[in-house]
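The values are calculated or read from the model by the stated rules, or taken from the named source; none is laboratory data. Computed from a predicted structure; not experimentally measured. Neighbour counts are summed over all protein chains in view; Cβ atoms, including those assigned to glycine, are modelled from backbone coordinates with ideal geometry. The area values use the complete protein model at the heavy-atom level, side chains included, leaving out ligands, DNA and RNA. Shrake-Rupley method; radii C 1.70, N 1.55, O 1.52, S 1.80 Å.
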Amino acid sequence: MDKLTAESAKPAVRHENPLARALAEKLNYDQLTNCMRCGFCLPACPTFKETGMEPESPRGRIALMKAVADGLMDPDEAFQEQMYHCLGCRACEPVCPADVKYGQLIEQARDSIEDHADHSVPVKGLRKLFFDGVFPHRSRLKWLGRSLGFYQKSGLRRIARGTGIMRLFPEHMRDMERILPEATARGVVERIGAFYPAKGKMIARVALFRGCIMDVLFAETNVNTVKLLSEAGFEVVIPDSQVCCGALHAHSGELGKARELARSNIRAFKEAGVDYIVSNAGGCGALLIEYDHLLHEDDDWREDGAWFASRVIDVSRLIAEKGRVPDFAEPAGEDGRAQQLLITYQDSCHLRNVMKSGGAPRQLMNRVGNVRFVEMADAGSCCGSAGIYNVTQPEMAGRVLERKMDNANRTEARYLLTSNPGCLLQMKLGIEKHGAGGQMEAMHIVDFLAERMAAGKS
Amino acid sequence: MIHPEAARRLRAIVGETWYRDDQEALVAHSYDATPMLQSMPDGVIYPSSTEQVSEIMKVLSEHGIPVISRGSASNLCGGTVPVQGGVVMVMHRMNRILEVDLENLTATVQPGIITAEFTAHIESFGLFYPPDPGSMRISTIGGNIAECSGGLRGLKYGTTKDYVIGLEAVLASGEVIRTGGKLMKDVAGYDLTKLLIGSEGTLAIITEATLKLVPPPKAKKTMLAMYRDLYGAARTVSKIIESRIIPATLEFLDNPTIRVVDDFAKLGLPLDMEAILLIEQDGDPETVERDIARITEICESEHADRVEVAATREEAEKLLTARRSALTALARLRPTTILEDATVPRSKIADMVLRINEIARKHNVTIATFGHAGDGNLHPTATTDARDRDEIHRVEEAFAEIFEASIELGGTITGEHGVGLVKAPYLEWRVGPAGLGVMKGIKQAFDPHNLLNPGKMFAKETRKRVVVQHG
Ligand SMILES: Cc1cc2nc3c(=O)[nH]c(=O)nc-3n(C[C@H](O)[C@H](O)[C@H](O)COP(=O)(O)OP(=O)(O)OC[C@H]3O[C@@H](n4cnc5c(N)ncnc54)[C@H](O)[C@@H]3O)c2cc1C
Ligand code: SF4
Ligand code: SF4
């Protein structure tokens, strides 16, 4: 019996299953057809590397999506889970000869699932609370910062840990709680105001995208970003009405919500009249730079989306390519002669694969005095953080992280630098769980540079 | 559907995780890199050792279930499409390098290792494994052996067949055989090693391979020669070889490819050129210098419009980009890319390219041609859209004429991509009825119940016209 079926035009399949119908409608069939199944993306994919199984690969996932659209297969629970197994790191995109827009496909698939699935997808409720209830709202974020900060400072944390109440939470949540930095309600604007002048002759006027989580957990990094930009010759404004970028929403299939946030942000930044919109979080930046794609079908916003997207740039790249790179010095050790400091770098997937800015951070790191930059093996491979992946897919995230830490430990670096809050937290977790001998510290590259800059000045 | 008893036994051999018959696994093993083909298997199994493969084969042959061995499914001949259902056996878990023997200059590996990972490992010993198919970053050594893959260095260094000296393989019955070994000389009986190379998973499942390694060349130089006259380029190829120089690489790009590549990679190539030759020589520094100088003279005597020799490694990389971007640039033009594999004697390259261009024009389809000029192995590549039935039909007609032209010029239907499913109906056209008879006898001897990759290599009917679309 010959079972061969020809693949052909988008088939006129009448899908009974509402999810199948939604997928057939939403998935970009051109992109599905563009995939020539060469398999070049397989070695780049962390979930494939971990499992060695085709359904856990980009080529496999595209084939699954296409099979659903073609009516060859039902979008059953396993299919839906598979769509969430993907880290969304997009390492598969730069290696693809046919330029398949995998990121768009996975977002479209998740968007359909969110709309139609019978809510079996893990932690949907929790996600809803945070995505709709907290991230988009500045005031609630502040509240979150305050409460979290209070919890951490007041001794409640100690009590919670002491009584063992944390044991009621799953292990990976407990791990996260442990490595979370001090939260705060005092974001960057509260600390240094909404305007910061350029040092020396101004090169350009830029706006800081402060982010939501970034400004609660890493407000200091935002402050350092502003100082670094100023030192490099940029005047910085921080539009107050900006909101969450929407990346977590978009990557989890809530495209509608992501679009709403995008429109608010465009409004906020257009008013600021700036040359660049600077991001210091690869995950946010990658969505910001794709606002044009996000709003492509919206006639009223298409142009503004393109305006916005064309101005987005990562802080390292802006400084390395357009700025006056400040002098970075490694402070001398006690004997007056500092030992050479080893550092390594964990790429933010989205900074590298979507914003195509993996080079700039390396350039800057190499400019720091008395520091030796050591590339870790497979640096470009995802660390497993991937938005909220480490919360929703703890098992796979754990495996990916373990592999990452093996490589990181082998560099024997003192600092492990990153360019994204999610990666930074994941690396802190990694060091705590699999670090070699407590020698290593994870740090945002901006903080590292700002520290060397300050020391250099004194 | 796999008999439940068979499925139970298969699970018992490899463990729950490594036998799958869920929808996702079946769909994800229903295709390979061949355009437009898809067919569902009934199960997927991932063995981790020769013993497991042997046990699996015993179960499968008892139940009469077909088996399709699979590396990375990067083949372009439908070789891993399970046309008759059965179990796809994925070799990825068997990916260890078992030994690097520095005294005998051999390496023994499991079949699932990725070719590029293997070569990188070998280079770390200061050694060299020359076969380099364009897909080496994804293809496996097992797949390379089963397809007898060639690569850019084929002209000087040969193809996979020249480096495999010993194999371990599991027969359909589950019995394990060993062929060849670390010996450079061995004439005891028929050469089963050579027979298994290029057998496309139809004779046995390769579970271990011993490969010959060589010392790496000390130096390497790269050059690009551009021609307004196709025959000038073709004559250059013949003259270089006539002058007793065998370049490591001698690649060809035709005008349609040059245009696409330049548009994509912005290399500033002259768009009115009819052909580009990319030439690389390696070896001792003095020999390389002398050969490159001599080749430059030949190019000029054949009226090359421009000859560029790279002075540095960076410049060489830039020149290599032209050839490397060919597929990438073409793949981005239209949704469906059909990369074919016609081979002619190298003296006939210009005739063949002209014929291809003529045929493409006649059928109003876009076909760009690039490939390994040194060994006459051309890849006419159609960019089309699988959804346009009418255009696909015209592409089909065009390829039929292209293969006819190739045979007429003394060529063959495939130089390195294999017969598989796609070329099976034309095998007799190439090897003749007696040749096909012997091949079928060999198949019968190895696999009497036709369980190993059925439907491949041998077709029910013989055809002379190429049909791209199956259905
Ligand atoms: C972009 C691109 C470029 C390519 N460039 C080249 C090139 O330059 N030269 C070239 O020759 N080919 C090329 N190919 C074709 C393909 O990559 C080769 O045929 C390759 O050797 C296939 O390896 P694989 O591991 O993917 O094998 P698969 O595609 O999985 O299998 C190929 C065949 O080998 C059999 N097989 C696999 N493993 C075993 C085993 N352990 N025992 C027995 N049989 C087995 C399968 O049954 C099948 O018939 C290219 C393909 C692509 C997509
Ligand atoms: S690399 Fe691109 S074309 Fe190739 S299989 Fe992956 S997604 Fe498809
Ligand atoms: S986005 Fe990352 S995890 Fe997802 S398929 Fe691509 S490479 Fe794999």
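Answer yes or no: is there a residue in segment A:97-112 that is open to solvent by less than 20 Å² (accessible area, probe 1.4 Å), closer than 30 Å to B:Cys77 by Cβ, over 27 Å from the mean Cα position of the chain (by Cα) and within 12 Å of chain B (Cβ to nearest Cβ).
No, the conditions are met nowhere in segment A:97-112.
Out of (1) open to solvent by less than 10 Å² (accessible area, probe 1.4 Å); (2) part of a helix (DSSP H, G or I); (3) within 12 Å of chain A (Cβ to nearest Cβ), what's the single condition that is false for B:Thr381?
The failed condition is (2).
Which of the residues that make up segment B:72-90 are open to solvent by 10 Å² or more (accessible area, probe 1.4 Å) and among the aliphatic types (A, V, I, L, M)?
Hit for segment B:72-90 is B:Leu76, nothing else.
Report yes if A:Pro58 is more than 7 Å from chain B (Cβ to nearest Cβ), within 12 Å of ligand 3 (Cβ to nearest atom) and at pLDDT 95 or above, otherwise no.
Judged against the criteria, A:Pro58 is a match.
With the structure loaded, tell me whether B:Gly64 is more than 7 Å from chain A (Cβ to nearest Cβ), surrounded by fewer than 22 Cβ atoms within 10 Å (Cβ to Cβ) and touching a residue at least 24 places away in the same chain (Cβ under 8 Å) or whether it fails that test.
Yes, satisfied.
From the residues in segment B:6-20 that are open to solvent by less than 70 Å² (accessible area, probe 1.4 Å) and out of contact with any Phe, Trp or Tyr (no Cβ under 9 Å at 6 or more places or on another chain), which one is farthest from the other protein chains (Cβ to nearest Cβ)?
B:Arg9
Go through the residues of segment B:98-105 one by one and say whether even a single one is open to solvent by less than 10 Å² (accessible area, probe 1.4 Å) and either in contact (Cβ under 8 Å) with a residue 60 or more places away in the chain or β-branched (Val, Ile, Thr) (or both).
Checked segment B:98-105: no residue is open to solvent by less than 10 Å² (accessible area, probe 1.4 Å) and either in contact (Cβ under 8 Å) with a residue 60 or more places away in the chain or β-branched (Val, Ile, Thr) (or both).
So in segment B:107-124, with the set limited to residues that are in contact (Cβ under 8 Å) with a residue 60 or more places away in the chain and open to solvent by 10 Å² or more (accessible area, probe 1.4 Å), which one is farthest from the other protein chains (Cβ to nearest Cβ)?
Taking the candidates together, the pick is B:Thr108.
The conditions are (1) more than 10 Å from every other protein chain (Cβ to nearest Cβ); (2) touching a Cys at 6+ places or on another chain (Cβ under 9 Å), and B:Asp32 fails exactly one of them. Which is it?
Going through the list (1) more than 10 Å from every other protein chain (Cβ to nearest Cβ); (2) touching a Cys at 6+ places or on another chain (Cβ under 9 Å), B:Asp32 breaks only (1).
Looking at this structure, is B:Val88 modelled with pLDDT of 95 or more, among the β-branched types (Val, Ile, Thr), over 28 Å from B:Leu451 (Cα atoms) and part of a strand (DSSP E or B)?
So B:Val88 fails the test.
Show the residue pairs meeting these rules: Cβ distance below 6 Å; 6+ apart or different chains; first residue within segment A:94-112 and farther than 15 Å from A:Ala44 by Cβ; second residue within 11 Å of ligand 3 (Cβ to nearest atom).
From residues that are farther than 15 Å from A:Ala44 by Cβ, the pairs are A:Ala109/A:Met83; A:Arg110/A:Met83.
Based on this model, can you work out whether A:Cys45 counts as under 23 Å from A:Gly282 (Cα atoms), within 15 Å of ligand 2 (Cβ to nearest atom) and at pLDDT below 90?
No: the conditions fail for A:Cys45.
Looking only at helices (runs of 4 or more DSSP H) that lie completely in segment A:176-288, which have at least 3 residues being at negative phi and in contact (Cβ under 8 Å) with a residue 60 or more places away in the chain?
By residue number, A:213-217, A:219-231, A:247-251, A:255-272, A:282-288.
If A:Asp299 passes every condition in (1) open to solvent by 50 Å² or more (accessible area, probe 1.4 Å); (2) closer than 30 Å to A:Asn409 by Cβ; (3) in a loop (DSSP other than H, G, I, E, B) but one, which one does it miss?
(2)
For segment B:399-422, which residues satisfy the criterion of being of a type in the set (A, V, I, L, M, F, W, C) and more than 16 Å from ligand 1 (Cβ to nearest atom)?
If the condition is that a residue be of a type in the set (A, V, I, L, M, F, W, C) and more than 16 Å from ligand 1 (Cβ to nearest atom), then B:Phe399, B:Ala400, B:Ile402, B:Phe403, B:Ala405, B:Ile407, B:Leu409 are the ones that fit.
Does segment B:165-173 include one or more residues that are at pLDDT below 95, open to solvent by 20 Å² or more (accessible area, probe 1.4 Å) and of a type in the set (A, V, I, L, M, F, W, C)?
Among the residues of segment B:165-173, not one is at pLDDT below 95, open to solvent by 20 Å² or more (accessible area, probe 1.4 Å) and of a type in the set (A, V, I, L, M, F, W, C), which makes the answer no.
Could you list all residues from segment A:24-59 that are within 14 Å of ligand 1 (Cβ to nearest atom) and either touching a Cys at 6+ places or on another chain (Cβ under 7 Å) or of a type in the set (Val, Ile, Thr) (or both)?
Selection gives A:Phe40, A:Cys41, A:Ser57, A:Arg59.
Would you tally the residues in segment B:293-317 being in a helix (DSSP H, G or I) and open to solvent by 40 Å² or more (accessible area, probe 1.4 Å)?
Selection size over segment B:293-317: 9.
Which pairs do you get when a residue that is among the β-branched types (Val, Ile, Thr), found in segment A:68-91, comes within reach of a residue that is part of a helix (DSSP H, G or I), reach meaning Cβ atoms under 8 angstrom, with the pair 6+ apart or on two chains?
Taking only residues 6 or more apart or on different chains, the pairs are A:Val68/A:Ala20; A:Val68/A:Leu23; A:Val68/A:Ala24; A:Val68/A:Phe79.
So B:Met223 passes all but one of these: (1) open to solvent by less than 20 Å² (accessible area, probe 1.4 Å); (2) more than 26 Å from B:Asp162 (Cβ to Cβ). Which condition number does it fail?
Here B:Met223 meets the rest and fails (2).
For every residue, the table says whether it meets (1) modelled with pLDDT of 90 or more; (2) more than 30 Å from B:Phe403 (Cβ to Cβ); (3) away from chain A (no Cβ under 14 Å).
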| residue | (1), (2), (3) |
| --- | --- |
| B:Glu300 | yes, yes, yes |
| B:Leu319 | no, yes, yes |
| B:Ala326 | no, no, no |
| B:Thr336 | yes, no, no |
| B:Leu339 | yes, no, no |
| B:Thr343 | yes, no, yes |
| B:Ile356 | yes, no, yes |
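Given (1) within 18 Å of the chain's Cα centre (by Cα); (2) outside any loop (DSSP other than H, G, I, E, B); (3) away from every other protein chain (no Cβ under 14 Å); (4) within 8 Å of ligand 1 (Cβ to nearest atom), where does B:Lys156 come up short, assuming only one miss?
In the conditions (1) within 18 Å of the chain's Cα centre (by Cα); (2) outside any loop (DSSP other than H, G, I, E, B); (3) away from every other protein chain (no Cβ under 14 Å); (4) within 8 Å of ligand 1 (Cβ to nearest atom), B:Lys156 misses (4) alone.
Is it the case that B:Val59 is part of a helix (DSSP H, G or I), within 16 Å of ligand 2 (Cβ to nearest atom), open to solvent by less than 40 Å² (accessible area, probe 1.4 Å) and at negative phi?
So B:Val59 does not fit the description; no.
Just give me the residues in segment A:21-42 being within 14 Å of ligand 2 (Cβ to nearest atom) and surrounded by fewer than 19 Cβ atoms within 10 Å (Cβ to Cβ), in sequence order.
A:Asn28, A:Asp30
Looking at segment A:76-96, which of its residues are within 10 Å of chain B (Cβ to nearest Cβ) and either more than 16 Å from ligand 1 (Cβ to nearest atom) or among the hydroxyl-bearing types (Ser, Thr, Tyr) (or both)?
Listed by number, the residues that qualify are A:Asp76, A:Ala78, A:Phe79, A:Glu81, A:Gln82.
Can you pull out every residue in segment A:428-445 that is more than 21 Å from A:Met365 (Cβ to Cβ) and either of a type in the set (S, T, N, Q) or in contact with a Cys (Cβ under 8 Å, 6 or more places away or on another chain) (or both)?
None - no residue of segment A:428-445 is more than 21 Å from A:Met365 (Cβ to Cβ) and either of a type in the set (S, T, N, Q) or in contact with a Cys (Cβ under 8 Å, 6 or more places away or on another chain) (or both), so the list stays empty.
Looking only at segment B:46-53, decide whether some residue is within 9 Å of chain A (Cβ to nearest Cβ) and within 24 Å of B:Ser139 (Cα to Cα).
Looking through segment B:46-53, at least one residue is within 9 Å of chain A (Cβ to nearest Cβ) and within 24 Å of B:Ser139 (Cα to Cα).
Here is a list of conditions, (1) farther than 16 Å from A:Gly282 by Cα; (2) at pLDDT below 85, and A:Asp215 meets all of them except one; can you say which number that is?
(1)
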